[in-house]
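The values are calculated or read from the model by the stated rules, or taken from the named source; none is laboratory data. Nothing here was measured: the structure is a model prediction, and the numbers come from that model. Quick reminder, even Gly has a Cβ in these numbers, built from the backbone with ideal geometry, and neighbours come from all protein chains shown.
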Ligand SMILES: Cc1cc2nc3c(=O)[nH]c(=O)nc-3n(C[C@H](O)[C@H](O)[C@H](O)COP(=O)(O)O)c2cc1C
């Protein structure tokens, strides 16, 4: 059971924090498609205490996304405590501490996965933040720095002792980055040593993966990152599978109309260019498996306004329907 503050969900599905991905528009969409809890991208503690406008913007959340966690990162105690208080003032349902980021300039400066190298410091940080705020504090981490220094059992106990309300484990080491096999076997082992809810992360791309993760590890929650960029319906499909309902393939109609809806959500919040250029990373996923989608994608990449994008996609949908009719009549 993923019980964190007022959140109390069995087989919880979490949308992972992702830099430049999990903004309000995308979180809203994933929520509509079945994500139970969503997270902001990581927010830099130093930027927050300097009142950096771009950093502060990352704290924006809306009620329709709840429950939502704001994730903060940093390697120094005082700025992290201050950042947690600032994040709390935005009224999220929880604050998540990033102890898993592998990026060199972050991890080698003692933040993100760098905290795995100093378990006592991580414990003090969690302890101080838990005491400084009145909402649940959770931690997202990895199994260790590298294959020779896997210390997740010690980390988990420390994080629990410090008062964290839950722990998410990306089942890879820092050295593995985002590739290599995640080792889910650590989840049941961690669950033996702590009582707080444990969320599994890493290598979950499909509804089948979600079910396997719950069945094999007894995780309290499963967190999905890249799988949701390519296929945001993974949350709905996983719920259908877990509830014994037949999982239907996403139709071309739904693919195209979901893409447009997602883009419109983005345009409600951003200037056209700021919404449309970053949106390019989603086209491959939305159009996956559709006929001749490569040419359509190339055309979409050139657009800077909503109207032509809509026109291209709706025309393409008509073509797909025609292809299908021809296929069916043969
Ligand atoms: C584009 C991208 C941005 C990410 N940004 C963050 C982040 O801000 N905070 C964080 O804790 N992890 C971040 N991650 C890591 C993911 O949350 C997740 O731990 C990792 O991708 C493994 O999960 P997956 O196999 O489901 O992709 C990011 C990953 C990606 C691909």
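Details
- Looking only at region 251-261, residues that are farther than 15 Å from residue 312 by Cβ and not in a loop (DSSP other than H, G, I, E, B) come to 4 in all.
- Any hit, region 11-28, residues being within 14 Å of the ligand (Cβ to nearest atom) and free of Cβ contacts under 8 Å to residues at least 40 places away in the same chain: yes
- Considering region 116-154, the residues that are over 20 Å from residue 94 (Cα atoms) and within 15 Å of the ligand (Cβ to nearest atom) include one that is surrounded by the most Cβ atoms within 10 Å (Cβ to Cβ), namely 143.
- Members of region 100-123 that are part of a helix (DSSP H, G or I), within 20 Å of residue 148 (Cα to Cα) and in contact with a strand residue (DSSP E or B) (Cβ under 9 Å, 6 or more places away or on another chain): 112, 113, 114, 115, 116, 122
Rundown of residues vs (1) in contact (Cβ under 8 Å) with a residue 12 or more places away in the chain; (2) within 21 Å of residue 13 (Cα to Cα); (3) part of a helix (DSSP H, G or I), yes/no style:
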site	(1), (2), (3)
227	yes, yes, yes
244	no, yes, no
249	no, yes, no
263	yes, no, yes
274	no, no, yes
280	yes, no, yes
285	yes, yes, yes
294	no, no, yes
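- When residue 109 is tested against the conditions (1) more than 13 Å from the ligand (Cβ to nearest atom); (2) modelled with pLDDT of 95 or more; (3) more than 15 Å from residue 40 (Cα to Cα), the lone failure is (2).
Condition check ((1) away from the ligand (no atom under 15 Å from the Cβ); (2) in a helix (DSSP H, G or I); (3) outside the structural domain of residue 179 (by TED's automatic domain parsing)) across all residues:
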| residue | (1), (2), (3) |
| --- | --- |
| 59 | no, no, no |
| 75 | no, no, no |
| 81 | yes, yes, no |
| 84 | yes, yes, no |
| 87 | no, yes, no |
| 91 | yes, no, no |
| 95 | no, no, no |
| 98 | no, no, no |
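- In region 200-221, the residues that are in contact with a helix residue (DSSP H, G or I) (Cβ under 8 Å, 6 or more places away or on another chain) and in a strand (DSSP E or B): 200
- Test for residue 143: is it outside any helix (DSSP H, G or I) and out of contact with any helix residue (DSSP H, G or I) (no Cβ under 6 Å at 6 or more places or on another chain): no
- Within region 213-228, being buried (at least 20 other Cβ atoms within 10 Å of the Cβ) and under 14 Å from residue 16 (Cα atoms) holds for 221, 222, 223, 224, 225, 227, 228.
- Any chance residue 158 is within 23 Å of residue 41 (Cα to Cα) and touching a residue at least 12 places away in the same chain (Cβ under 8 Å): no
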